[in-house]
1. For the stretch 483-503, state whether one or more residues are modelled with pLDDT under 85, open to solvent by less than 40 Å² (accessible area, probe 1.4 Å), more than 16 Å from V413 (Cα to Cα) and not small (G, A, S).
2. With the structure loaded, tell me whether R253 is among the charged types (D, E, K, R) and more than 27 Å from the chain's Cα centre (by Cα) or whether it fails that test.
3. Among the residues of the stretch 325-337, are any closer than 17 Å to P230 by Cα, part of a loop (DSSP other than H, G, I, E, B) and either within 28 Å of the chain's Cα centre (by Cα) or β-branched (V, I, T) (or both)?
4. Under 8 Å between Cβ atoms, at least 6 apart or on separate chains: pull out the pairs that start in the stretch 321-338 with a residue that is more than 18 Å from Q376 (Cα to Cα) and in contact (Cβ under 8 Å) with a residue 40 or more places away in the chain and end on any residue that is β-branched (V, I, T) and assigned to a loop (DSSP other than H, G, I, E, B).
5. Within the stretch 251-266, work out how many residues are loosely packed, with under 15 Cβ neighbours inside 10 Å and under 21 Å from V327 (Cβ atoms).
6. Tell me, which residue of the stretch 267-302 that is under 23 Å from E430 (Cβ atoms) and in contact with a Lys or Arg (Cβ under 6 Å, 6 or more places away or on another chain) is most open to solvent (accessible area, probe 1.4 Å)?
7. Would you confirm whether or not the stretch 389-405 contains a residue that is in a helix (DSSP H, G or I), within 25 Å of A232 (Cβ to Cβ), at pLDDT 95 or above and not hydroxyl-bearing (S, T, Y)?
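The values are calculated or read from the model by the stated rules, or taken from the named source; none is laboratory data. This structure is a prediction, so every number in the text was calculated from the model and none was measured. Note: ideal-geometry Cβ built from the backbone for every residue, glycine included; neighbour counts use all protein chains shown. Areas reflect the complete protein model, heavy atoms only, side chains present, ligands, DNA and RNA absent. Shrake-Rupley method; radii C 1.70, N 1.55, O 1.52, S 1.80 Å.
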Amino acid sequence: MANDGGRKQFWKRSGTKVPGSIQHVYGAQHPPFDPLLHGTLIKPGSKPPTTPVKLKKVSTFQEFESNTSDAWDLGDDDDELLAIAAENLNTEVVMETAHKVIQNHSKLQEQHKFLEEHLQEEKQVESAELTSNVCGDNRLVKSVSEGHTSASSDNASENSSMQRSQSLPQTSTPPLVSGMADFNTSVTPALTEREASRLDKFKQLLAGPNTDLEELRKLSWSGIPKRVRPIAWKLLSGYLPANVDRRESTLQRKRKEYFAFVEQYYDSRNDESHQDTYRQIHIDIPRMSPEVLRLQPKVTEIFERILFIWAIRHPASGYVQGINDLVTPFFVVFVCEYIEEEEVENFDVSSLPEEVLQNIEADSYWCMSKLLDGIQDNYTFAQPGIQKKVKMLEELVSRIDEQVHRHLDQHEVKYLQFAFRWMNNLLMREVPLRCTIRLWDTYQSEPEGFSHFHLYVCAAFLVRWRKEILEEKDFQKNMSEENNTAVRMKMIKELLIFLQNLPTVHWGNEEISVLLAEAYRLKFAFADAPNHYKK
C-alpha cells in the first residue's frame, strides 16, 4: 500500500511537470465533456463528479479559444453556436438551432434551383428563336420542324443551335441603360452569392445610427449594388448627413429650398438677360443619352429646370455645354429608387407620382451641384480647368507610354482634339451610361475623384487602345514614299475619327473594373512624386 501510495504521489506530483506528458486537447471536434450536454452518456450507476475538474477543462477550452481566436474562420452561424455554447444547453435548444440551419440551407438550394431552371428556359427560348430565324442552316430548320415529334431531334436542335450561335457574330446590341448596375448579370432578380454578400455588407453599414463614410468609400470603390446605390450616392456626395436621424429633415429642407429657387428664378427664363442661357439648354438636352429618356417631355421639362436654376445660381460659370450630361446619371439612379424595372430606358417617367418626380428632381439638382463644386473651373471662362487637365494628360501619357505619345505627335494629333470631350463630359460620351454609373461609384469613393483620379482614368483609357492606335500607318514612312498632303490629311482624319468614336458599346462591368484597376496603379506609381508628370 505504501508503494502504491508513493506511486500515486509521484504521478500526481510530476504529471504536469514532466515534458511530453499526455494532456487532453479540446477543440472543435472534441469539446470538453459536460454532463449537462451528455447526460445520456453517463451510466445510471455512476456517481456524479465531486471535484471541479470538468469546470477547469471548460475554462481551459475557453482560454484556448480566446488565445487562438485569430485562427478561427467563423461565419454568422458559428458565432451564434459559440454564443449559445457558453450557456447551459439542452437538447431542445440544439435541435432548434439545427432546424434553423437546415431551413436556411434548403432556401439556398431552392434559390439556386429556381435560377438554374430560369436560365434553362431562357436557353430554350433563344434556341427556338435562332432555329426559326436562321434559315441558312439546314440542320436548324430540320430540328424545328421535327422538334415536337422526337426527343432525339430536340437534342439535335439544341446542339446545332449552340454550334450556330457560337459561329455567328454577335448581332444584338445591348441597351445603353439596361442592367446599369450589373450589365453582365441575368435579368432575374436573384443575386449571386458574392452579390448577396456585398449587398449585406452595405445594408449592415447603412443600418447603423451613424454611417462610417470612410468605410462606405472603401466598400463602394469596387461598385455599389443597385438596390443601395441611391442612398450611397447621396451620402458619398455630401448631400445627406451620416446621422440617420437627421436625413429625413435634411431631405425635406433641401427639396423645399430647391423648389423655392424654381419659384423665384424659373419664370425669368424668357427675360432678355437669360434668353441665351435657356435657349442653349433647350438645344443641348436632345443631345443627351439615353435616346428614349430624352424624348420624354417630362424628362425634358425636369432637366431644363435643373440646368437653368444651376446656371442662374452660379453666374461665375453659367451654363456650359457638357453640364447637361452630368445630370443624367443622378437622374437615372434616383429613378431606380422608386421602380422595379431593370430597363429604365423603356420606363415612362411621367407615370410616377408628382411628389416622387419632385423628389427625384431636387435630389438630382443638389447632387449635381456637389459634383460641380469640385470641378467648377472646368466651366468658367475659357475653361482653364480642362485646358490644364488635358496638358497634364499629355505629359502623363508621355511618361507611361512614350511610343503612343510619339505616334500621336508624328501624326500631328493634338490631345485637345479628342481629350477635351473626355474632361468636359467625364467620359460620358465615350462609354455607355451603365459604365458611367459604375465609374461614378468609384469616383465618389476617391478623394477628388472627378478631377484628380479622372485624369488617371483617361490615361489608362487612352493606353487601352494602344494596339489600335499603333496599327495606323506610320506617317513619316508614307510621307517619304509619296509626298502627298492629301494622304497626310487622310491619315490624321482616320486616327481622329477612331479616337472620337471608340468601340465601347458592348462594355460592361468587367471592362470598367480593369480600367479602374489600371488607373489606380498609375495613380499609385505617379501621384505625390515631385515631377510625376514631367520627365
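1. no
2. yes
3. Looking through the stretch 325-337, at least one residue is closer than 17 Å to P230 by Cα, part of a loop (DSSP other than H, G, I, E, B) and either within 28 Å of the chain's Cα centre (by Cα) or β-branched (V, I, T) (or both).
4. So the pair list comes out as V332/V177.
5. The total comes to 5.
6. Among those residues, the one meeting the criterion is P286.
7. Taking the stretch 389-405 as the starting set, the residues that turn out to be in a helix (DSSP H, G or I) are 389-400, 402-405.
With the extra rule that they be within 25 Å of A232 (Cβ to Cβ), the set shrinks to none.
Checked against the condition, which is being in a helix (DSSP H, G or I), within 25 Å of A232 (Cβ to Cβ), at pLDDT 95 or above and not hydroxyl-bearing (S, T, Y), the stretch 389-405 yields no hits at all.
Conditions (1) farther than 26 Å from M491 by Cα; (2) aliphatic (A, V, I, L, M), marked per residue:
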site: E355; (1), (2): yes, no
site: I386; (1), (2): yes, yes
site: V397; (1), (2): no, yes
site: L408; (1), (2): no, yes
site: A419; (1), (2): no, yes
